[in-house]
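Quick notes on the structure that follows.
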Amino acid sequence: MKLASLKGGRDGRLVVVSNDLAWFTEAHHIAPTLQAALDHWEGMEPALRGLAESLEHGSVPKERFHEHQAASPLPRAYQWADGSAYVNHVALVRQARGAEMPETFWTDPLMYQGGSDGFLGPRDPIPLADPAWGLDLEGEIAVITGDVPQGATREQALAAVRLVMLCNDVSLRDLIPGELAKGFGFFQSKPASAFSPVAVTPDSLAGWKDGKLSGALSVELNGKPLGEADAGVDMTFDFGTLIAHAAKTRALSAGTIVGSGTVSNRGTDGGPGKPVAAGGVGYSCLAELRTIETLASGAPTTPFLAAGDTVRIEMRDAKRHSIFGAIEQAVAPA
């Protein structure tokens with residue numbers, strides 16, 4: 001089942017989307033918003049599934065689904081917690097900053113709590129007030145949970161995953177070192193993120209297994225391939241582990257979003273991966289590419305994002321059909 005929120009009001013308007021992303025049908029008679037559906041999932045999920053089946057059979061009114069009319073599936077959320085499940089990415093980015101990486105990073109997940117009071121739509125521009133801040137994209141997988149009790153096990157946490165989607169976790173790289181030096185985490189360096197036009201139930205995803213989503217995450221910059229890393233490869237911590245980590249000392253409310261962190265694959269030799277143009281799977285953010293350039297030549301040559309740049313993040317199935325729709329955003333002066 002595929003769900004989306006069309007733009008309108010702070011929380012959007014819940015619709016059910018066809019498997020091929022071509023059509024939608026209104027779901028307001030079941031739940032006005034996705035958050036309302038998540039709050040009463042056990043009662044509303046069967047009705048939404050029935051509506052999705054009727055849409056596929058053409059037995060309910062339908063309209064063309066246009067991705068630019070979609071907000072992020074949750075236009076705002078009670079909580080947005082982003083992990084760093086791909087420790088290869090953490091190692092490379094810390095290497096670029098000259099920061100040592102403790103061994104515990106391989107056994108205890110990193111996680112930060114981001115701003116969730118408003119997300120960008122998947123086709124909304126990324127505002128940039130100052131190019132000196134070092135604007136970067138980050139291609140990720142994210143899940144939306146139901147209620148998760150404090151102290152949940154990995155299995156309980158995994159059972160609470162309601163929907164899966166893609167994320168562009170926007171970062172301001174040149175603000176990060178100063179913030180982390182204070183010893184109190186991200187804030188200004190993490191502006192509003194964006195999520196894919198559609199969120200999908202795990203049972204509808206062929207690549208979903210054991211809390212991981214396999215498949216190439218396509219990341220493009222200005223129409224050229226930047227990354228094709230497989231989201232199911234080199235994921236040190238699965239979503240069950242990430243959610244349980246977040247719920248260690250607090251319960252999580254239905255509608256909590258948990259991100260995977262930047263999808264990142266090692267090279268075939270176990271070292272840093274190669275660019276797509278060199279036969280590798282590339283990178284899901286510019287920071288990794290700049291790190292590789294620094295290792296190779298002593299300094300990065302690829303700039304961070306500037307006004308007019310366009311990023312695109314998408315995942316396709318075995319038949320090359322888009323699964324979640326595309327996050328496609330242009331950078332615009334704020």
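The values are calculated or read from the model by the stated rules, or taken from the named source; none is laboratory data. Values in this document were obtained by computation on a predicted structure and should not be read as measured data. Backbone-built Cβ (ideal geometry, glycine too); neighbour counts: all protein chains shown. Note: accessible area is taken over every heavy atom of the protein model, side chains too, but ligands, DNA and RNA are not part of it. Shrake-Rupley method; radii C 1.70, N 1.55, O 1.52, S 1.80 Å.
One table, with the values for the structure above:
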| read-out | value |
| --- | --- |
| Of residues in the stretch 121-151 being open to solvent by less than 10 Å² (accessible area, probe 1.4 Å) and aliphatic (A, V, I, L, M), the one farthest from residue 322 (Cα to Cα) | 148 |
| Search result, residues across the stretch 47-75 that are free of Cβ contacts under 8 Å to residues at least 12 places away in the same chain, under 20 Å from residue 5 (Cβ atoms) and either open to solvent by less than 30 Å² (accessible area, probe 1.4 Å) or in a helix (DSSP H, G or I) (or both) | 50 |
| Unique residue being surrounded by 17 or more Cβ atoms within 10 Å (Cβ to Cβ), within 23 Å of the chain's Cα centre (by Cα) and more than 23 Å from residue 169 (Cβ to Cβ) when the list is 1, 44 | 1 |
| Residue satisfying condition, being in contact (Cβ under 8 Å) with a residue 60 or more places away in the chain and either under 30 Å from residue 267 (Cα atoms) or out of contact with any His (no Cβ under 8 Å at 6 or more places or on another chain) (or both), within set 11, 20 | 11 |
| Residues (in contact (Cβ under 8 Å) with a residue 60 or more places away in the chain and surrounded by fewer than 21 Cβ atoms within 10 Å (Cβ to Cβ)) located in the stretch 152-161 | 153, 154, 155, 156, 161 |
| Flag if residue 198 is closer than 29 Å to residue 310 by Cα and of a type in the set (Val, Ile, Thr) | yes |
| Qualifying residue in the stretch 107-130 (condition: assigned to a helix (DSSP H, G or I), at pLDDT below 95 and over 22 Å from residue 294 (Cα atoms)) | no |
| Residue in the stretch 181-189 that is within 23 Å of residue 38 (Cα to Cα), surrounded by fewer than 23 Cβ atoms within 10 Å (Cβ to Cβ) and polar (S, T, N, Q) present | no |
| Residue that is surrounded by the most Cβ atoms within 10 Å (Cβ to Cβ) [pool: residues in the stretch 300-321 that are of a type in the set (Gly, Ala, Ser) and within 21 Å of residue 285 (Cβ to Cβ)] | 307 |
| Filtered residues of the stretch 286-334 (kept if hydrophobic (A, V, I, L, M, F, W, C), more than 30 Å from residue 199 (Cβ to Cβ) and in a helix (DSSP H, G or I)) | 292, 295, 296 |
| Search result, residues across the stretch 152-192 that are more than 19 Å from the chain's Cα centre (by Cα), among the hydroxyl-bearing types (Ser, Thr, Tyr) and under 22 Å from residue 305 (Cα atoms) | none |
| Selected residue (only one of 251, 216, 287 is touching an Asp or Glu at 6+ places or on another chain (Cβ under 8 Å), touching a residue at least 24 places away in the same chain (Cβ under 8 Å), open to solvent by 60 Å² or more (accessible area, probe 1.4 Å) and closer than 30 Å to residue 77 by Cβ) | 251 |
| Set 259, 232, 270: member being under 29 Å from residue 12 (Cα atoms) and not acidic (Asp, Glu) | 259 |
| Every residue from the stretch 256-288 that is within 22 Å of residue 301 (Cα to Cα) and over 19 Å from the mean Cα position of the chain (by Cα) | 266, 267, 271, 272, 273, 274, 275, 276, 277, 278, 279, 280 |
